[in-house]
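Working notes, structure below.
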Amino acid sequence: MSSSSSNIHLYTAQTPNGIKVSMLLEELDLPYKVTQISLSKNEQKEPWFLEINPNGRIPALTDTLEDGTTPINLFESGSIMQYLVDRYDADHKVSYPRGTPEYWEVNHWLFWQMGGLGPMQGQAHHFYRYAPEKITYGINRYQNETRRLYGVMETQLAKSKSGYLVGDRLTIADLSCWGWVAAYHRPDRQKTETNTMAKKQDWAGVEIDEFPHLSAWLEKVLARPGVEKGRNVPEKHTSLDFKKLSKEELDKRAAESWVRTESTAK
Amino acid sequence: MSSTELNPPRPIVIWITPPGPNPWKAVWLLEELSLNYVVKSFRFDDVKKPPFINVNPNGRVPAIEDPNTGLTLWESGAIYQYLIEVYDTAHKLSYTDLNQRHLCNQWLHFQTSGQGPYYGQAGWFTHLHPEKIDSAIERYRGEIRRVLGVTERVLSEKPKDGEKWLVGDKMTFADMAFVPWNFRLAEVLTVSEDEAWDGFPLTRAWHDKMVATPSWGRAMKLRARLMDEQGLQWNGVPKGIETFTEYETKIAEAKEAESGDIKVVKV
């Protein structure tokens, strides 16, 4: 893909939905501009951003159509990914030709992530992490649903010869799920559940160790240079860092604070 | 179908359980495109059992099998894109240019990820969960109002006297996708229709125009019939069972049992 003529501008933040798009852009080797949206300052609700995305969420993307001047604004990570492969992946590096069975299978996994895995794991994050009041039922409900959804992926990956969700290659189906599964990763030691601070280092208390094919997939996707580059946009992706730490380092980190803000300039 | 030339020649099979909104999102599109299809209606108790689990490993309805292309597909959003691309060749409900095509897809994604899950959770905590958890109910009601605010804002930016649709100047599949959940809005919020839509007049007018289509009417008539045949109350719980928890317990107890009857309905 010759990528000299892109006017792509990505508005994003370091979240599972944000990195989907940057990972895809890197996998497609497309040039793009990045604007980091500060979620802590609620920048996604600013009038200028609502002009791009009336839903006030990241990511959003602007581009110009083939005439080079007509602007297009897109929001919803799933729709942005479909747009990018439709427009820029003519060689089908991370997609399949329109109308093939694999093309439609990618779509059902993509929608499965958008309507199922994302929202349900997001609710698990909410009830486990952010909710001011501890509602055990809410935590269990969404953790169980997330576990069920991981099980659905596990079954699919167990059948896959390539180790990817659909066919013989990485697709937007894998990229759309990856940031979410990565956000759930928790170190082995947390299984003991004796240290409450350590428990806080995962985001929603679902283990992926019980899903061997899913764990292998997480690593396989991670090993791709495009993913490596894209996951660190607009700042460092830290979800997987905990698993590389020794027990001592984990204890030290847990004793400090589990929330940290990395201010890596892009 | 009364036409002598059936389109497509062999009926598309759609698997549904009657209560939820998503099956009707797909059935409505089949109706609106006047496609040849049959409905396989079965009980919610059996979504995680064969034969349906072999059609959709995620155990959720709807799913379709299209013998004309040999394709099996699930997730209502993916089904929408498929039906539109393969069967809306006259572009009655879609566009051909890159810009509008992707804007329609964007709204479809927003509906499947932003509207559906939150309306669904609000409905769960309001109607099906045995214990009343105010903060959870409030959380999801707030999300519903936020989602309605997004469509209201976009519709308000359309030319004053022009047609008000999400993309361009006609109803597309993107508009249609929002109807099945908005159709349940008052029910989900447990308020009157007027209260439910208060503050969102353009969204209400947009919605009303769509539910007035004959195709939506046919879909809802079929729903009423299939709900009745399964002896279901309005909330999807079988008559004679008090709560959803009781229903879930019953389903869990009957886990090993065979899947019940699958009713095939020629439409």
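The values are calculated or read from the model by the stated rules, or taken from the named source; none is laboratory data. Note that the structure is a prediction, hence the values are computed from the model and not measured. Here the Cβ positions follow ideal geometry from the backbone for every residue, glycine too, while neighbour counts run over all protein chains shown. For the accessible areas, the whole protein counts, side chains as well, though only heavy atoms, and no ligand, DNA or RNA atoms are used. Shrake-Rupley method; radii C 1.70, N 1.55, O 1.52, S 1.80 Å.
Brief remarks on what is shown
- Members of the range A:1-48 that are in a helix (DSSP H, G or I) and surrounded by fewer than 20 Cβ atoms within 10 Å (Cβ to Cβ): A:E43, A:K45, A:P47, A:W48
- Any chance B:K48 is open to solvent by 50 Å² or more (accessible area, probe 1.4 Å) and either at pLDDT 95 or above or facing another protein chain (nearest Cβ under 9 Å) (or both): no
- The set of residues in the range A:125-143 that are touching a residue at least 60 places away in the same chain (Cβ under 8 Å) and among the charged types (D, E, K, R) contains only A:R129.
- Flag not set for B:W74, criterion: more than 12 Å from every other protein chain (Cβ to nearest Cβ) and modelled with pLDDT of 95 or more.
- Top-ranked residue of the range A:58-81 - restricted to ones that are at pLDDT 95 or above and in a loop (DSSP other than H, G, I, E, B), ranked as surrounded by the fewest Cβ atoms within 10 Å (Cβ to Cβ): A:P59
- Scan of the range A:91-125 for residues that are surrounded by fewer than 17 Cβ atoms within 10 Å (Cβ to Cβ) and either part of a helix (DSSP H, G or I) or within 18 Å of the chain's Cα centre (by Cα) (or both), ordered by number: A:P101
- Screening the candidates B:R139, B:R145 for the property of being surrounded by fewer than 18 Cβ atoms within 10 Å (Cβ to Cβ) and under 20 Å from B:L185 (Cα atoms) yields one hit, B:R145.
- Scan the range A:130-150 for residues that are under 13 Å from A:Y184 (Cβ atoms) and β-branched (V, I, T) and the total you get is 1.
- Of the helices (runs of 4 or more DSSP H) entirely within the range B:1-118, those holding at least 1 residues that are in contact (Cβ under 8 Å) with a residue 40 or more places away in the chain and within 13 Å of the chain's Cα centre (by Cα) occupy B:22-32, B:76-87, B:98-110.
- Selection of the range B:80-91 for residues being open to solvent by less than 20 Å² (accessible area, probe 1.4 Å) and more than 8 Å from chain A (Cβ to nearest Cβ) yields B:Y80, B:L83, B:I84, B:D88.
Rundown of residues vs (1) more than 11 Å from chain B (Cβ to nearest Cβ); (2) closer than 27 Å to A:T155 by Cβ, yes/no style:
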residue: A:I8; (1), (2): yes, no
residue: A:Q14; (1), (2): yes, no
residue: A:Y32; (1), (2): yes, no
residue: A:E46; (1), (2): yes, no
residue: A:E51; (1), (2): no, no
residue: A:S77; (1), (2): no, yes
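Every residue, every condition in (1) assigned to a helix (DSSP H, G or I); (2) out of contact with any Ser or Thr (no Cβ under 8 Å at 6 or more places or on another chain); (3) open to solvent by 50 Å² or more (accessible area, probe 1.4 Å), yes or no:
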| residue | (1), (2), (3) |
| --- | --- |
| B:W216 | yes, yes, no |
| B:M227 | yes, yes, no |
| B:G240 | no, yes, yes |
| B:T249 | yes, yes, yes |
| B:A252 | yes, yes, yes |
| B:K255 | no, yes, yes |
| B:S259 | no, yes, no |
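- Checklist (1) more than 11 Å from every other protein chain (Cβ to nearest Cβ); (2) free of Cβ contacts under 8 Å to residues at least 40 places away in the same chain; (3) β-branched (V, I, T) applied to A:T100, failing item: (1)
Here is a yes/no grid of residues against (1) at negative phi; (2) aliphatic (A, V, I, L, M); (3) assigned by TED's automatic domain parsing to the domain that holds B:L83; (4) modelled with pLDDT of 95 or more:
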{"position": "B:F173", "(1), (2), (3), (4)": "yes, no, no, yes"}
{"position": "B:A177", "(1), (2), (3), (4)": "yes, yes, no, yes"}
{"position": "B:W181", "(1), (2), (3), (4)": "yes, no, no, yes"}
{"position": "B:P201", "(1), (2), (3), (4)": "yes, no, no, yes"}
{"position": "B:E229", "(1), (2), (3), (4)": "yes, no, yes, no"}
{"position": "B:E248", "(1), (2), (3), (4)": "yes, no, yes, no"}
{"position": "B:K255", "(1), (2), (3), (4)": "yes, no, yes, no"}
{"position": "B:E258", "(1), (2), (3), (4)": "yes, no, yes, no"}
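- From B:F125, B:F110, residue being within 12 Å of chain A (Cβ to nearest Cβ) and over 19 Å from B:W234 (Cβ atoms): B:F110
- Qualifying positions in the range B:193-213 - more than 22 Å from B:L29 (Cβ to Cβ) and of a type in the set (D, E): B:E193, B:D194, B:E195, B:D198
- The set of residues from the range B:171-191 being open to solvent by less than 10 Å² (accessible area, probe 1.4 Å), part of a loop (DSSP other than H, G, I, E, B) and over 15 Å from B:G114 (Cβ atoms) comprises just one member, B:T172.
- In the range A:211-235, the qualifying residues are those that are charged (D, E, K, R) and outside any loop (DSSP other than H, G, I, E, B), and the one that is least open to solvent (accessible area, probe 1.4 Å) is A:R231.
- Among the candidates B:G168, B:G149, residue that is modelled with pLDDT of 95 or more and on the phi > 0 side of the Ramachandran plot: B:G168
- Flag if B:S94 is buried (at least 20 other Cβ atoms within 10 Å of the Cβ), of a type in the set (S, T, Y) and over 15 Å from B:T203 (Cα atoms): yes
- Scanning the range A:136-151 for residues that are surrounded by fewer than 20 Cβ atoms within 10 Å (Cβ to Cβ) and of a type outside the set (D, E, K, R) yields A:T136, A:Y137, A:I139, A:N140, A:N144, A:G151.
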